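A quick write-up on the structure given underneath.
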Amino acid sequence: MKLFLFVALAMTAFAANSVLNRIGIAQYGMSPMSFAAIRVIAGAAMLWVLIAARTQSAPTIFNPKRFAGAATLATYMIGFSVAYQNLDAGVGALILFGALQVVIFGWAIVEKQSIPPLRWLGVATAFIGLCVLLWPTQSIPMPLGSVAAMIAAAVGWGAYTLLGRAEEDPLGATASNFLLCVPLVGIGLIGAGQLPLMGAITAVVAGALTSGLGYALWYQLLPKLATTVAGTAQLTVPVIAVAFGVAFLAEPLSLRLVIAGALVLGGIGLSLLVKR
């Protein structure tokens, strides 16, 4: 029961990132770059507090893998914030997770991995779900710039995930990547002028709590979870994000969003069945 509650807390934190970005940028008027910069700085500070509190030796900060991790993390952070200028929280989370599945699958093809038929079916289903979500309609067209930014965020997060495979010290690697990401994203604060107080507070919460502590908690839980359980748990993130968006941001819950969400999450679920 305790493990379940911690997993639920971590997934709620991940979903809250979408809502907090949407609130800080769309409601409080933060610029995407300023929000991303404060989020990264706050996340780095929290992660290094956790590093200082543990008994292990300090992680290696400066090496090519860390610089690559920082670059891909910056791509994710900036794309994520830019996307939420116009995307609803739940829609953005669905695009992120669906595109992420395609990115990871594409890399498996590049590496010439053996891909079971069920995984092909899963990715095809998730891709169809994205097409349903993004297909232009006469009522409310999907903002293409924001969609492209979220797809870029998915590419960044996918690359960041692939770089972290077989990482011996996930928390140390994450803290180092965040630290090196600060100068890459921190330029967003140059010439930003006066920042809206509530927007800045929202960015700090997104960085220190739902990103920093959220990632740290998830990495602590991963060794205790089967791969399929960990993957299935992450399927709840877009669902929670949609629920938060409807409850706190009065975002519409359309039939199109429900169908697209079912296809995207169902496709990812099919892919995860292969890992049993």
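With respect to the conditions (1) under 20 Å from Asn63 (Cβ atoms); (2) of a type outside the set (Lys, Arg); (3) without any contact (Cβ under 8 Å) to a residue 12 or more places away in the chain, Gly193 lacks only one, and its number is (1). Here Leu100 does not qualify as modelled with pLDDT under 95, in contact with a helix residue (DSSP H, G or I) (Cβ under 9 Å, 6 or more places away or on another chain), surrounded by fewer than 19 Cβ atoms within 10 Å (Cβ to Cβ) and not charged (D, E, K, R).
Which one is nearest to Ala149 (Cα to Cα) among residues in segment 60-85 that are surrounded by fewer than 19 Cβ atoms within 10 Å (Cβ to Cβ) and of a type outside the set (Val, Ile, Thr)? Filtering first and then ranking leaves Gln85.
Results for (1) among the polar types (S, T, N, Q); (2) at positive phi, shown as yes or no for each residue.
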| site | (1), (2) |
| --- | --- |
| Gly29 | no, yes |
| Ala36 | no, no |
| Ala44 | no, no |
| Phe62 | no, no |
| Asn86 | yes, no |
| Ala89 | no, no |
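Filter segment 5-30 for residues that are polar (S, T, N, Q) and either buried (at least 20 other Cβ atoms within 10 Å of the Cβ) or in contact with a Pro (Cβ under 6 Å, 6 or more places away or on another chain) (or both) and give the result. Those that are polar (S, T, N, Q) and either buried (at least 20 other Cβ atoms within 10 Å of the Cβ) or in contact with a Pro (Cβ under 6 Å, 6 or more places away or on another chain) (or both): Asn17, Ser18, Asn21. Within segment 107-116, can one find any residue that is of a type outside the set (Val, Ile, Thr) and surrounded by 18 or more Cβ atoms within 10 Å (Cβ to Cβ)? No; the residues of segment 107-116 include none that is of a type outside the set (Val, Ile, Thr) and surrounded by 18 or more Cβ atoms within 10 Å (Cβ to Cβ). Val40 fulfils the conditions (1) in a helix (DSSP H, G or I); (2) surrounded by fewer than 22 Cβ atoms within 10 Å (Cβ to Cβ) except for a single criterion, (2).
When segment 110-123 is limited to residues that are assigned to a helix (DSSP H, G or I) and in contact with a helix residue (DSSP H, G or I) (Cβ under 7 Å, 6 or more places away or on another chain), the one that is farthest from Gly98 (Cα to Cα) turns out to be Leu118.
The set of residues from segment 83-98 being assigned to a helix (DSSP H, G or I) and over 11 Å from the mean Cα position of the chain (by Cα) comprises Ala83, Ala89, Gly90, Val91, Gly98. Within segment 16-37, which residues are assigned to a helix (DSSP H, G or I) and touching a Ser or Thr at 6+ places or on another chain (Cβ under 8 Å)? Hits for segment 16-37 are Ala16, Asn17, Leu20, Asn21, Ile23, Gly24, Ile25, Pro32, Met33, Phe35, Ala36. Looking for whichever is among the aliphatic types (A, V, I, L, M), crowded, with 18+ Cβ neighbours inside 10 Å and at pLDDT below 90 here; the options are Leu162, Leu133, Leu180, Leu171. Which one fits? Selected residue: Leu133, the only one of Leu162, Leu133, Leu180, Leu171 that is among the aliphatic types (A, V, I, L, M), crowded, with 18+ Cβ neighbours inside 10 Å and at pLDDT below 90. Which of the residues belonging to segment 240-272 are touching a residue at least 60 places away in the same chain (Cβ under 8 Å), small (Gly, Ala, Ser) and more than 23 Å from Leu9 (Cβ to Cβ)? If the condition is that a residue be touching a residue at least 60 places away in the same chain (Cβ under 8 Å), small (Gly, Ala, Ser) and more than 23 Å from Leu9 (Cβ to Cβ), then Ala260, Ala262, Gly266, Gly267, Ser271 are the ones that fit.
The values are calculated or read from the model by the stated rules, or taken from the named source; none is laboratory data. Here the structure is a predicted model, which means the values were calculated and not measured. All Cβ positions, glycine included, derive from the backbone under ideal geometry; neighbour counts span all protein chains shown.
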